[in-house]
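The values are calculated or read from the model by the stated rules, or taken from the named source; none is laboratory data. Computed from a predicted structure; not experimentally measured. A quick note on method: Cβ atoms are made from the backbone with ideal geometry, for glycine too, and the neighbour counts reach across all protein chains shown. Ligands, DNA and RNA are stripped out before the accessible areas are found, and what is left, the full protein with its side chains, is counted by its heavy atoms. Shrake-Rupley method; radii C 1.70, N 1.55, O 1.52, S 1.80 Å.
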Amino acid sequence: MASIKVPEQKVILCGEYGVGKSSLFRRYAYDTFVSGSSRQLTLGLDHYNKEYRINDKSIGLQLWDTGGMERVASITSSYYKFAEAAILVFSLDNAASFHVLSQHLLEIVTYAENAKIFLCGNKMDLEGSTPQVTEADMESFCEQCHNLISATYKTSCKTGEGVEEMFRDIAYHLVQSNRSRIELQSVDVNAFKIAPAEEVTEPSCLC
């Protein structure tokens, strides 16, 4: 019996260098964390697939990471191409990484216009008693984005807190989006169906 191919949805990580995008990738793919002092930089695009079961649907998330090459302009088109979701990542202990998100948002809208966008505040373990970026700041950013942000999350790659929950929720959003798209296509097709000839009747004469 032939196996059923699970639909894969490309998910990309966007944000400033050093906010933990590659750490998110490693936690997602291998459930590990490598400290900054012992981390070795691996150049080149990398991706990892993981399957989720959401209600009665199976979906595969294909997470992509730049591998430290986010500043190389030549990777832009291939990285963003066919992305179904984009995660805007910033560091909760670094306000500067939050205030430049609008630049990364513009790139997503430009190069991956159909992608659903999610906001992720990483490094929860470094927030401290007075976080540099508050939930109110995140809410305000979402409002300024005119409903472009589908959901917001807080994660810690070091402890793993919130990471798996974020990706499962993103999978849920994509399943719902695909279901709505299929239903919309069904409506569009039905709207243009022509009745069989034998069911077409002449209009009554009013003269």
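A cut-off of 5 Å between modelled amide H atoms, ignoring neighbours fewer than 5 places along the same chain, links residue 91 with 97, 98, 122.
Taking amide H positions as modeled 1.01 Å from N, with prolines and chain starts lacking one, no residue 5 or more places away or on another chain lies under 5 Å from residue 34.
Going by accessible surface with a 1.4 Å probe and the largest first, 48, 30 read 30, 48. Computed from backbone phi, the HN-Hα couplings of region 142-157 come to 4, 5, 5, 7, 6, 6, 6, 8, 7, 6, 10, 9, 10, 9, 9, 5 Hz, rounded to whole numbers (Karplus: 6.51 cos²θ - 1.76 cosθ + 1.60, θ = phi - 60°; Gly and Pro given as x). Note that region 113-118 has calculated 3J(HN,Hα) couplings of 4, 9, 6, 7, 10, 10 Hz, one per residue in order, obtained from phi through the Karplus relation 6.51 cos²θ - 1.76 cosθ + 1.60 (θ = phi - 60°); glycine and proline are x. Once the Cβ-Cβ distance of residue 146 and residue 57 is raised to the sixth power relative to R0 = 35 Å, the FRET efficiency obtained is 0.75. Mind giving me the FRET efficiency for residue 130 and residue 103? R0 is 25 Å, r the Cβ-Cβ distance, nearest 0.05 is fine. Efficiency, rounded to the nearest 0.05: 0.45. Rolled with a 1.4 Å probe across the full set of protein chains, the surface gives residue 110 an accessible area near 80 Å².
Normalised per residue, the accessible area of region 76-133 is 46 Å², obtained with a 1.4 Å probe and no contribution from ligands, DNA or RNA.
State whether region 71-150 is rounded, prolate or oblate according to the following rule on the C-alpha gyration tensor (a ≥ b ≥ c being the square roots of its eigenvalues): a/c under 1.5 gives rounded; otherwise a/b larger than b/c gives prolate, and the remaining case gives oblate.
Verdict is prolate for region 71-150.
With a simple spin-label model that places each label point 7 Å from the Cα along the Cα-to-Cβ direction, the separation between residue 114 and residue 96 comes to 3.8 nm.
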